[in-house]
């Protein structure tokens, strides 16, 4: 994958060739308008492309009335963009021909590459090798089209472009699914939402989502980016794009598949079980200032909320609701409640201002104007007053049947409120396409369902600015220890202690004994103690009886170790490879789990949750991209409900939250190690003492690349 260019050197040549080509070649163009190979020429002309089109078809002299050419070498004019329509087996030769003819960009329609398995991966590698040797940039394969509404350019085989016009507007779509271009185009057009560009990026074999997005950040026609994602490939390029878009005040909104737990890669630690890849992706997108939605419709609908605005700072996230239909408002409020949104009544000052305009706020969470109040002056007055109230992050207006036949009563007044500093949006309960288009034209986010309405508002109020990347911190000693530990057993707790201690994670004292040396050992700390087996095949030791706690004296220690060894041997363990770790019993106010893993899509993440056996119960975790700052670590602690007691909940003794935050920061700095050699690490449990008394790790696991 080619690295993304710096912000000061966007690939203007790529943008020009893709979207404003001097000439387009259609390699494998068909004269049959009903075939996939015949659609691009028809759509190009239908939607107004006026530049030269060169159908490449060695069997025909004309294709759909246009002069055809047997090969690229025969074309009389310059070609900036070749759309490759030939079957999979002929794609590589077609790209080589593009290089020979000096064509800078080729979009490849065919599938059958990396998405199909081992042979497809090899085929895709050969394609990219050919493209790079030829100086050709590739969009795809599995690229179903490149569209620019301003040029206009409709270089696509997607049947959705049978439509007679392209809805122009401020939204740029980059989709890993080609067919979704048509779905977004059609749904957007139906409600008056338009697009600047739409690109089916396909496999991202060369040009990635990140590179293409970054190249278009300065596009004056694009005000927001909509991403349909199946995976994240070029993580660094993607991150650079997201940060550049945020800096340019152009929100990035993503709908990504993969919310279910199907196919989770279970790792050796609890962390692997607790953090599905999607939770890591969530943390990754959030860290970059990307708005992620769960509902496909919300991908379109949330954009007007974010365009021209920045994430709200502070804790205020209350939604105010004004309605002319009690039932419609109840649906929206119910869904918002399910998502944990705060739907609140106006405060005393806002209530007084409403009363001064003759509007009774009532005693509930919603300002219900009722059918009788569906008058333009009342609706607009209520929304303006609510939007001016300091207690609301956003105001939702819910409109009933009048939206279908009398939009002047309640819909037009909503549109008049588009310029308020607090964003105003609308849930239109009936089927009312004209009202949706009216609201879209005014720049008001309008929703067709209560589900997408709640989802979009949740995504908007939780939107955050990109997090800063902490400076490289205290990792030199850890890198040396990791190098020395290479090749040692996967579950060796001694190795984990060495590496994590070098980063600053505090561990309880411990001694290393063999099963036979226990009876003669003089411990450097008092009883009671804990003992456990340390061996490559003893990972979850409580499950195999490999741990003994509260051992009172030496005689009890000998008996406990004999029992551990006996149970371990009965499970097929090799006593010759095992050692015994003995440590003092450590008690505190809470046990927590702090984990680290490198996710295939999101990269390094750090995890915080309840520790000990409670980790098995999935009692809630906080996940962030690693490394984290101390402020980020404190936010993680605040975000785990089960840790409320150590935060001083209802007068309970406070734990040493500062020391816990330091430990999270230290573990997360594994992400700073050169080449990220640590794939997974976990401290479980980490004992949290009272405020001022610190934290101590009493168990740890580490997995290196190559284990």
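Structure data summary
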{"quantity": "Pairwise centroid distance, computed over Cα atoms, of the range 588-605 with the range 310-383, Å", "calculated": "40"}
{"quantity": "Translational D in µm²/s for the range 509-584 (Stokes-Einstein at 20 °C, 1.002 mPa s, Kirkwood Rh from C-alpha pairs)", "calculated": "177"}
{"quantity": "Gyration tensor verdict on the chain (Cα atoms; rounded if a/c is under 1.5, prolate if a/b is larger than b/c, oblate otherwise)", "calculated": "oblate"}
{"quantity": "Ordering of 164-171, 375-382, 61-68 by packing [mean C-beta count within 10 Å, highest first]", "calculated": "375-382, 164-171, 61-68"}
{"quantity": "Residues 412, 256, 35 arranged by fewest to most Cβ contacts within 10 Å", "calculated": "35, 412, 256"}
{"quantity": "Fewest-first ranking of 111, 435, using other Cβ atoms within 10 Å as the exposure measure", "calculated": "111, 435"}
{"quantity": "Cα pair count fraction exceeding 19 Å, expressed as % - the range 145-214", "calculated": "26"}
{"quantity": "Isotropically averaged projected area of the range 554-707, using the convex hull of Cα atoms (one quarter of hull area), nm²", "calculated": "11.5"}
{"quantity": "Between 0 and 90°, nearest 10: helix 91-100 axis offset from the chain longest Cα axis", "calculated": "70"}
{"quantity": "Computed helical MRE - 222 nm, the chain, DSSP H runs ≥ 4 contributing -39500 (n - 2.57), nearest 500", "calculated": "-9500 deg cm²/dmol"}
{"quantity": "Antiparallel content of DSSP bridges confined to the range 7-250, in %, to 5", "calculated": "25"}
{"quantity": "Hull-based mean projected area of the range 7-250, where the convex hull spans the alpha carbons, in square nanometres", "calculated": "12.3"}
{"quantity": "Sorted largest first, extent of the range 379-436 alpha carbons per principal axis (Å)", "calculated": "34, 15, 15"}
{"quantity": "Residue 375/residue 647 FRET efficiency (R0 56 Å; Cβ-Cβ; nearest 0.05)", "calculated": "0.70"}
{"quantity": "Residue 431-residue 352 FRET efficiency (beta carbon distance; Förster radius 45 Å; 0.05 resolution)", "calculated": "0.75"}
{"quantity": "Mean separation of Cα contacts under 8 Å, 6 or more apart, over the residue count of the range 312-461: relative contact order %", "calculated": "27"}
{"quantity": "The chain, relative contact order in percent, only Cα pairs under 8 angstrom and at least six apart counted", "calculated": "9"}
{"quantity": "Packing-based order for 676-683, 123-130, 292-299, using average beta carbon neighbours within 10 Å, highest first", "calculated": "676-683, 292-299, 123-130"}
{"quantity": "DSSP-defined beta bridges in the chain - what % are antiparallel, rounded to 5", "calculated": "50"}
{"quantity": "Relative contact order computed over the range 7-250 (Cα-Cα under 8 Å; 6+ residues apart), in percent", "calculated": "17"}
{"quantity": "Computed label-point distance, nm, for sites residue 555 and residue 116 using a 7 Å Cα→Cβ extension", "calculated": "7.5"}
{"quantity": "Fraction of beta bridges assigned by DSSP in the range 107-225 that are antiparallel (%, nearest 5)", "calculated": "45"}
{"quantity": "Label-point separation, residue 187 to residue 705 (7 Å along Cα→Cβ), nm", "calculated": "3.8"}
{"quantity": "Ranked packing of 445-455, 13-23, most packed first, by mean Cβ within 10 Å", "calculated": "445-455, 13-23"}
{"quantity": "Shape call, the range 312-461: gyration tensor on alpha carbons, a/c limit 1.5", "calculated": "rounded"}
{"quantity": "Nearest-0.05 FRET efficiency for residue 630 and residue 100, computed from C-beta distance (R0 41 Å)", "calculated": "0.10"}
{"quantity": "Nitroxide proxy distance, nm - points 7 Å out along Cα→Cβ at residue 339 and residue 62", "calculated": "5.6"}
{"quantity": "Cα centroid separation - the range 387-450 against the range 23-66, whole Å", "calculated": "43"}
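A short reminder: the numbers here are calculations on the coordinates, not readings from a lab. Note that the coordinates shown come from a computational prediction; the quantities given were computed from them, not determined experimentally. Counting neighbours? That spans all protein chains shown, and the Cβs are built from the backbone with ideal geometry, glycine included.
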